[in-house]
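**Q** Before anything else, here's the structure in question.
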Amino acid sequence: MAAERDAAALVPDTAGDGTVRLADYRPPAWLVDRVRLDVDLAPRATRVQATVDFRLNPDHAGPDLPPLVLDGRRLTLVEAAVDGRDVTADPGLALQRERLVLDAAALPGPAFTWTCTTEIDPESNTELEGLYLSGGIFCTQCEAEGFRKITYYPDRPDVMAPFTVRLTAPAGGSPVLLSNGNPGASGTTPDGRAFAEWDDPHPKPAYLFALVAGDLVAHRDRFRTAEGREVDLAVWVRPGDQDKCGYAMDALKRSMVWDERAYGRVYDLDVFNIVAVSDFNMGAMENKGLNIFNSKYVLASPETATDRDYELIEGIVAHEYFHNWTGNRITCRDWFQLCLKEGLTVYRDQRFSEDERSPAVGRIDQVKALRARQFPEDGGPLAHPVRPEAYKEINNFYTATIYEKGAEVIRMLAALVGEDGYRKALDLYFERHDGQACTIEQFRACFEDALGTDLAAFARWWYQAGTPRLTVREAWDAEAGQLTIRLAQETPATPGQPEKAPLVLPVRYGLLGTDGADLLAEGEALYVLDGPEGEIVHRDLSARPVLSINRGFSAPVILHHEAPDGARLFLLAHDSDPFNRWEAGRAIALDLAVRMATGQIETEAEAVPKPWIRALAGILDDARLAPPYQALMLEIPGNDEVAARLYADGHCADPDRIHDALRTMRAALGAGLAEPLAGLTASLADSGPYDPAAEPAGRRALRQRCLALRLAAGDAAAAETARAMAESADNMTERLGALTAMVHLGVEGAAAALAAFRADWAGDELVMDKWFSVQATAPLSDAADRAAALTEDPAFTWQRPNRFRAVVAAFAMANPVGFHAASGAGYRFVADWIIRLDAANPQTAARVTGCFESWRRYDDARGALMQAEMRRIAAAPGLSRNTSEIAERLLA
Ligand code: TRP
Ligand code: ZN
């Protein structure tokens with residue numbers, strides 16, 4: 001056996017600045033027919049023996065055999081052979097920094113079997129990518145490029161193969177051993193160790209490989225598919241957590257039913273396993289037949305999880321399950337096509353949640369998230385197209401643009417071709433591309449071929465970055481009874497894309513008559529704006545109608561609508577489109593907040609004018625409206641949304657002034673609506689036991705909102721209710737809601753409530769994350785010092801991403817008053833922690849660095865302080881490629 005060699009020690013890095021370009025894509029020279037992995041697990045020295053059948057790609061040009069080039073990172077090569085011939089010491093074998101190259105001269109011909117033994121050290125893997133340990137459980141994360149940390153392999157999504165896996169447990173325990181596909185033999189090895197074999201017949205790219213081994217227990221169920229297959233379902237968790245899996249399991253079964261009904265997609269293995277681990281860089285991962293989840297998105301009980309947690313569990317379980325077809329059976333050709341699986345799968349999980357809960361509330365929540373996260377990205381230094389053309393670190397491209405804007409693009413397509421057309425196109429996509437690794441162009445061609453349309457202009461949505469601004473002007477000719485609606489679009493330049501073409505905007509709209517009813521024949525119409533300007537004309541109108549434009553947020557744009565006086569209040573009272581009805585109220589609130597924050601208005605009476613109060617009172621009184629929708633109507637925009645609007649209007653944002661304005665508005669709303677709010681707080685109180693279903697959750701949401709507004713107004717009775725709720729509510733939704741309101745508003749008793757909460761939950765890491773977050777997001781003048789103090793707490797285990805995010809990311813992203821403290825203390829605190837985390841976990845560190853993306857919005861002093869911290873991060877010794885790419889783009 002040859003001496004072990006450390007890959008990292010040998011040949012220097014490849015030339016260039018490390019940018020990967022779509023234009024450089026070349027098909028793989030070698031394809032894989034089969035992979036067999038034999039994994040001998042041990043915390044410090046796991047041995048992986050890979051047996052890979054390679055075959056020359058028939059499309060490969062040229063008479064000569066190409067070399068075999070395999071990716072590999074942080075691997076110790078033990079031995080390698082080709083068709084059984086040891087090549088470990090062959091002069092044709094070169095170990096470069098992140099790859100292994102075997103000269104064509106060392107290859108026997110156009111097909112051969114490669115065997116390779118590597119050794120890895122999961123215990124020291126703090127990056128949580130590849131094989132690592134989480135709380136004593138072995139687990140993997142291979143997307144996007146983690147498989148290369150397990151063995152040498154063509155780690156690219158267009159190389160797909162069936163895998164068989166044999167896992168052998170370390171001596172001593174009898175852990176559960178899981179991998180992809182269907183279970184095979186299991187038992188005990190001659191030396192007394194547990195082993196298990198798994199077979200995944202569906203060809204897959206390496207990024208979908210997974211294994212899990214550890215002391216786990218299952219919550220089991222069964223599902224019978226439409227094709228009659230009996231599937232064993234299991235949610236695997238640490239002993240003690242088995243009673244918190246019911247909701248995730250229920251969500252899984254509902255997802256399976258939904259995908260059969262909505263898309264005709266049926267599950268294709270005999271088992272489906274979900275595993276919860278507590279150290280995870282993101283939400284969850286769709287590994288074939290073995291989804292691995294951040295425990296935060298699996299575990300739920302009424303006492304420990306909020307309504308929001310339940311909702312997220314449902315959405316993420318569905319998302320990962322839906323990937324089985326959109327992602328796994330049909331995958332991406334290369335990582336530039338990431339939106340092919342992510343945008344489509346987000347759209348699918350959104351529609352699922354809308355069906356399971358409420359389309360109106362769902363759509364409003366989607367748009368709020370899009371505006372809060374994707375619009376700033378698309379309008380700042382990190383802007384990139386939904387289908388990017390270059391990257392340095394692919395992990396930095398799991399962004400709101402690729403996921404959320406990617407989903408909006410699919411939603412627009414569905415709106416343009418209609419539900420039936422959409423289903424026809426998707427049917428063709430599954431039929432034509434099953435088992436393939438595809439591009440956006442192939443997806444688009446399915447629409448064009450199935451429906452006979454041309455999507456060349458529409459396709460710009462994938463290629464062009466930036467949020468379009470849509471300006472809408474109305475002209476009313478009373479004599480002729482004619483309304484002319486003029487639309488104009490423009491997309492501002494983004495980094496690397498100075499020139500923008502017009503996009504295809506599907507604009508749904510309606511016209512309301514003086515009685516508030518819809519005037520148009522079908523209630524509304526769809527206008528497609530496909531040039532820089534357009535015009536809609538309606539004649540023979542007896543009176544000027546009120547225009548409700550871009551209903552359902554059908555085009556994801558920044559809308560400037562110069563509406564006549566009173567139009568927004570009218571829409572708030574009457575619009576039949578629930579999204580635009582909410583939008584009208586939001587626009588009123590945003591305008592008021594902007595005017596307050598810029599000193600144009602000052603008093604409470606001006607901040608919350610009587611007609612608005614009356615309209616809101618009407619909405620609260622309207623029994624036809626669902627409580628969660630009413631709750632959204634009572635919400636005013638957040639600090640960041642106001643800051644973004646101020647910046648767009650050419651002002652500097654001052655987070656302190658915005659905070660004061662919003663506080664005044666909330667207090668005035670609480671006072672102005674005192675009676676209905678008190679009435680609802682009483683009438684919405686839950687009687688029976690806690691039920692996480694959408695309907696009771698919606699009532700709780702409204703009740704919480706009412707209570708928070710009353711607290712903002714200084715209502716003493718509300719403070720009493722909150723104290724009691726924080727102390728003794730039987731569910732986490734109410735306990736945490738009351739605690740948050742008390743801590744954030746400085747209500748008397750807040751400190752005692754925090755202490756009691758901690759005493760109750762010190763042993764529950766997910767609940768303790770909430771305890772940290774409540775405090776990290778409190779908008780207090782000394783917030784940065786308080787956040788720093790939280791990081792001194794012995795329970796601040798910063799290596800766990802959930803805990804790090806609960807404090808540092810929560811402070812950076814959800815505490816504008818603290819983060820933007822004029823002293824710069826907030827920026828410094830966050831930068832210090834990013835630098836520290838980067839050395840252990842670059843993926844999560846890079847993600848948090850994005851909090852500096854809107855530095856241009858603020859005054860010069862704050863802008864300079866933010867820039868200085870970004871420079872300090874960029875200059876940190878040994879900084880990862882992940883974080884340096886983000887820091888450099890932020891500063892460019
Ligand atoms: N593909 C996963 C999803 O959308 C997300 C993902 C990508 C991920 N890279 C990851 C999850 C790294 C965890 C770690 O569901
Ligand atoms: Zn996904």
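Each reported figure results from applying straightforward, stated rules to the coordinates on display, with no laboratory input. Predicted, not measured: the structure shown is a model, and the values here were computed from it. Glycine also receives a Cβ, built like all others from the backbone with ideal geometry; neighbour counts cover every protein chain displayed.
**Q** Calculated from DSSP H runs of 4 or more alone, at -39500 (n - 2.57) each and per residue, what is the 222 nm mean residue ellipticity of the chain, nearest 500?
**A** Numbers: 29 runs with 344 residues, N = 892.
The helix contribution divided over the chain gives -12000 deg cm²/dmol.
**Q** Decide, for segment 180-224, between rounded, prolate and oblate: order the square roots of the alpha carbon gyration tensor eigenvalues as a ≥ b ≥ c, take rounded if a/c falls under 1.5, and otherwise choose prolate if a/b is larger than b/c, else oblate. If you can, show how the numbers build up before the last one.
**A** Working: a/c = 1.81, a/b = 1.26, b/c = 1.44.
Since a/c reaches 1.5 but b/c is at least a/b, the shape of segment 180-224 is classed as oblate.
**Q** Tell me, what HN-Hα J-couplings in whole Hz come from the Karplus equation 6.51 cos²θ - 1.76 cosθ + 1.60 at θ = phi - 60° for each residue of segment 739-751, using x for Gly and Pro?
**A** 4, 4, 4, 5, 5, 6, 9, x, 5, 4, x, 4, 4
**Q** Follow-up. How far apart, in nm, are two points set 7 Å out from the Cα along the Cα-to-Cβ line at Ala756 and at Thr225?
**A** 5.1 nm
**Q** Here's something else I'd like to know. Run the quick spin-label model on Ala605 and Glu792: label points 7 Å from Cα toward the beta carbon, then report their separation in nm to one decimal.
**A** In this crude spin-label approximation the distance works out to 4.8 nm.
**Q** For Trp30, what residues show an amide H to amide H distance below 5 Å, using hydrogens built from the backbone and excluding near sequence neighbours?
**A** Result for Trp30 returns Asn57.
**Q** Anything over 23 Å Cα to Cα? Flag those among Lys341/Lys405; Lys368/Lys392; Lys149/Lys392; Lys368/Lys610; Lys368/Lys424; Lys149/Lys204, in the order listed. Spell out each step's value before the answer.
**A** Working: Lys341/Lys405 13 Å; Lys368/Lys392 30 Å; Lys149/Lys392 18 Å; Lys368/Lys610 26 Å; Lys368/Lys424 31 Å; Lys149/Lys204 18 Å.
The pairs that break the limit, which is 23 Å between Cα atoms, are Lys368/Lys392; Lys368/Lys610; Lys368/Lys424.
**Q** Need the full-extension length gain, Asp591 to Glu389, defined as separation in residues times 0.36 nm minus the C-alpha distance. One decimal, nm. Present the calculation step by step, with values, prior to reporting the outcome.
**A** Values: separation 202, 0.36 × 202 = 72.72 nm, distance 3.78 nm.
Stretched out fully, the Asp591 to Glu389 stretch lengthens by 68.9 nm.
**Q** Hey, got the dipole for segment 626-710? About the Cα centre, +1 on K and R Cβ, -1 on D and E Cβ, debye to the nearest 20? Present the calculation step by step, with values, prior to reporting the outcome.
**A** Working: 9 positive and 11 negative charges, 49 e Å.
Dipole about the Cα centre, nearest 20: 240 debye.
**Q** Related question: All other residues with a Cβ under 9 Å from the Cβ of Leu133 taken together, and with Lys, Arg as +1 and Asp, Glu as -1, what is their net charge?
**A** Working: positive: none; negative: Glu123, Asp279.
Value of the local net charge: -2.
**Q** So, one more: Farthest toward the dipole's positive end in the chain, which of Ala678, Pro110, Val32, given Cβ charges of +1 (Lys, Arg) and -1 (Asp, Glu) about the Cα centre?
**A** Ala678
**Q** Using the Cα centre of segment 688-838 as the reference point, and only Cβ charges (+1 on K/R, -1 on D/E), how large is the resulting charge dipole? Debye, rounded to the nearest 20.
**A** Working: 15 positive and 18 negative charges, 67 e Å.
With only Lys, Arg, Asp and Glu charged at Cβ, the dipole is about 320 debye.
**Q** Please name which of Ala185, Trp461, Asn841 has its Cα lying farthest along the dipole of the chain towards the positive end, using unit charges on Cβ (Lys, Arg +1; Asp, Glu -1) and the Cα centre as origin.
**A** The Cα lying farthest towards the positive end belongs to Asn841.
**Q** Count the DSSP beta bridges whose two residues both fall in the chain, then state the antiparallel fraction as a percent rounded to the nearest 5. Intermediate results must be reported in sequence, preceding the final value.
**A** Numbers: 99 of 124 bridges.
Of all bridge pairs located within the chain, approximately 80 percent are antiparallel.
**Q** Moving to a separate point now. Order these peptides, 624-634, 335-345, by their mean beta-carbon neighbour count within 10 angstrom, highest first.
**A** 335-345, 624-634
**Q** Could you work out the local net charge near Ala631, counting Lys and Arg as +1, Asp and Glu as -1, over the other residues with Cβ closer than 10 Å to its Cβ?
**A** On the way: positive: Arg699, Arg700, Arg703, Arg705; negative: Glu635.
It works out to a net charge of +3.
**Q** I would also like to ask the following. Ranked highest first by the average count of other Cβ atoms within 10 Å around their residues, in what order do 807-814, 372-379 fall?
**A** Values: 807-814: 23.4, 372-379: 21.6.
Top of the packing list down: 807-814, 372-379.
**Q** With +1 on the Cβ of every Lys and Arg and -1 on the Cβ of every Asp and Glu, and nothing else charged, how large is the dipole of the chain about its Cα centre, in debye rounded to the nearest 20? List each step's numbers first, then the result.
**A** Working: 93 positive and 130 negative charges, 114 e Å.
That gives the chain a dipole magnitude of about 540 debye.
**Q** Non-local amide H neighbours of Ala194 (under 5 Å, H modeled in plane, Pro and chain starts lacking H): which ones?
**A** Ala169, Thr189
**Q** How do the peptides 727-738, 453-464 rank, highest first, by the average count of neighbouring beta carbon atoms within 10 Å per residue?
**A** Working: 727-738: 21.4, 453-464: 17.2.
In decreasing order of mean packing, 727-738, 453-464 become 727-738, 453-464.
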